[in-house]
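Data block below; observations after.
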Amino acid sequence: MIKGFIFDLDGVIVDTAKYHYLAWKKLANELGFQFNEEQNEAFKGVSRKRCLEILLDLGGVKATQEQFDHWMIEKNEDYLRYIEKMDVSEILPDVPKILDFLKANHIPMALGSASKNAIPILRKVGLLSYFKVVVDGNNVTKAKPDPEVFLLAAKDIGVDPTDCVVFEDALAGIQAANSAGMTSIGIGDTTILTDAQYNFNNFTEISTDFIKQLTTI
Ligand code: G1P
Ligand code: MG
């Protein structure tokens, strides 16, 4: 029986996955190569450092430590420019419906994200107070598909991993949830998130009855 809910951030709660993509694409173009949405799938749910390593491999670019550090900062500055003006309009459809329902039923919620920008984003869109716990890229050492981020989130809300549900838009995130022994729910392209136990295109397809069935509510 599900007793705790864990949400990824980028591409699940807010429409920021597109901004990460645009910032990585800009860097790739500056370095002289193309970067497309298909390649970007491997970047979802993955830490900034790991993303840059993958990007440089794709472009066959060798970097000194100094260049690497510089590009990490540059990508993040570009990303921060995109999200600067973010407001509630960037919350994905029907996400508040599910958050409000869980809150009203006193079900603990945690955020489990690879991003180091999670807290300011949640603050900007006014959703920070829903989460009992925020585990993000600042708290973990191993990136998804390693289950560390979700196991830490479960521990912090005091719920057994097997009693947790994870909402994820990244294949690496679904794999992390599965290896944590949690129920995985894919949000987005079902042809990519094939390892998920449940699939929905977005939260408009998730009813409160579905949530009730998973829990004891
Ligand atoms: C990092 C990566 C980004 C990735 C995101 C996943 O975010 O840079 O490409 O999609 O994790 O949530 P950042 O810490 O840069 O906000
Ligand atoms: Mg995501």
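The values are calculated or read from the model by the stated rules, or taken from the named source; none is laboratory data. Owing to the predicted nature of the structure, the values given are computational and were not obtained by experimental measurement. Here the Cβ positions follow ideal geometry from the backbone for every residue, glycine too, while neighbour counts run over all protein chains shown.
Test Asp94 against the stated conditions and say whether it is under 30 Å from Phe210 (Cβ atoms) and at pLDDT below 95. When the stated conditions are applied, Asp94 does not pass them.
Selection over the stretch 1-18 of residues that are in a loop (DSSP other than H, G, I, E, B) and within 12 Å of ligand 2 (Cβ to nearest atom) gives a count of 7. When Ile192 is tested against the conditions (1) among the hydrophobic types (A, V, I, L, M, F, W, C); (2) at pLDDT below 95; (3) part of a strand (DSSP E or B), the lone failure is (3).
Among all residues of the stretch 2-12, there is at least one that is among the acidic types (Asp, Glu), under 25 Å from Leu151 (Cα atoms) and in contact with a helix residue (DSSP H, G or I) (Cβ under 6 Å, 6 or more places away or on another chain).
Please go through (1) among the basic types (Lys, Arg); (2) touching a residue at least 12 places away in the same chain (Cβ under 8 Å); (3) more than 8 Å from ligand 1 (Cβ to nearest atom) for Lys44 and return the number of the only condition it doesn't satisfy. The single condition Lys44 does not satisfy is (3).
If you go through the stretch 19-50 and keep only what is more than 11 Å from ligand 2 (Cβ to nearest atom) and closer than 15 Å to Glu90 by Cβ, you end up with Tyr19, Tyr21, Leu22.
Table: residues versus (1) under 23 Å from Gly188 (Cβ atoms); (2) among the polar types (S, T, N, Q); (3) in contact with a His (Cβ under 7 Å, 6 or more places away or on another chain); (4) buried (at least 18 other Cβ atoms within 10 Å of the Cβ).
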{"site": "Asn29", "(1), (2), (3), (4)": "no, yes, no, no"}
{"site": "Lys44", "(1), (2), (3), (4)": "yes, no, no, yes"}
{"site": "Leu55", "(1), (2), (3), (4)": "yes, no, no, yes"}
{"site": "Met72", "(1), (2), (3), (4)": "no, no, no, no"}
{"site": "Val95", "(1), (2), (3), (4)": "yes, no, no, yes"}
{"site": "Phe101", "(1), (2), (3), (4)": "yes, no, no, no"}
{"site": "Asn105", "(1), (2), (3), (4)": "no, yes, no, no"}
{"site": "Met109", "(1), (2), (3), (4)": "yes, no, no, yes"}
{"site": "Leu122", "(1), (2), (3), (4)": "yes, no, no, yes"}
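Quick check: anything in the stretch 163-173 free of Cβ contacts under 8 Å to residues at least 24 places away in the same chain and either within 16 Å of ligand 1 (Cβ to nearest atom) or surrounded by fewer than 21 Cβ atoms within 10 Å (Cβ to Cβ) (or both)? Within the stretch 163-173 (the criterion being free of Cβ contacts under 8 Å to residues at least 24 places away in the same chain and either within 16 Å of ligand 1 (Cβ to nearest atom) or surrounded by fewer than 21 Cβ atoms within 10 Å (Cβ to Cβ) (or both)), the answer is no, since none of the residues qualifies. Within the stretch 195-217, being in a helix (DSSP H, G or I), aliphatic (A, V, I, L, M) and either touching a strand residue (DSSP E or B) at 6+ places or on another chain (Cβ under 8 Å) or without any contact (Cβ under 8 Å) to a residue 24 or more places away in the chain (or both) holds for one residue alone: Leu214.
Residue-wise test of (1) surrounded by fewer than 18 Cβ atoms within 10 Å (Cβ to Cβ); (2) at pLDDT below 95; (3) hydrophobic (A, V, I, L, M, F, W, C).
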site: Phe5; (1), (2), (3): no, no, yes
site: Asp8; (1), (2), (3): no, no, no
site: Ile13; (1), (2), (3): no, no, yes
site: Ala17; (1), (2), (3): no, yes, yes
site: Ala23; (1), (2), (3): no, no, yes
site: Glu37; (1), (2), (3): yes, no, no
site: Leu52; (1), (2), (3): no, no, yes
site: Gln67; (1), (2), (3): yes, no, no
site: Leu80; (1), (2), (3): yes, no, yes
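Screening the stretch 63-174 for helices (runs of 4 or more DSSP H) wholly inside it with 1 or more residues that are among the basic types (Lys, Arg) and in contact with a Pro (Cβ under 9 Å, 6 or more places away or on another chain) returns the ranges 148-157. Is at least one residue of the stretch 94-109 within 13 Å of the chain's Cα centre (by Cα), closer than 18 Å to Phe167 by Cα and of a type outside the set (S, T, N, Q)? No; the residues of the stretch 94-109 include none that is within 13 Å of the chain's Cα centre (by Cα), closer than 18 Å to Phe167 by Cα and of a type outside the set (S, T, N, Q).
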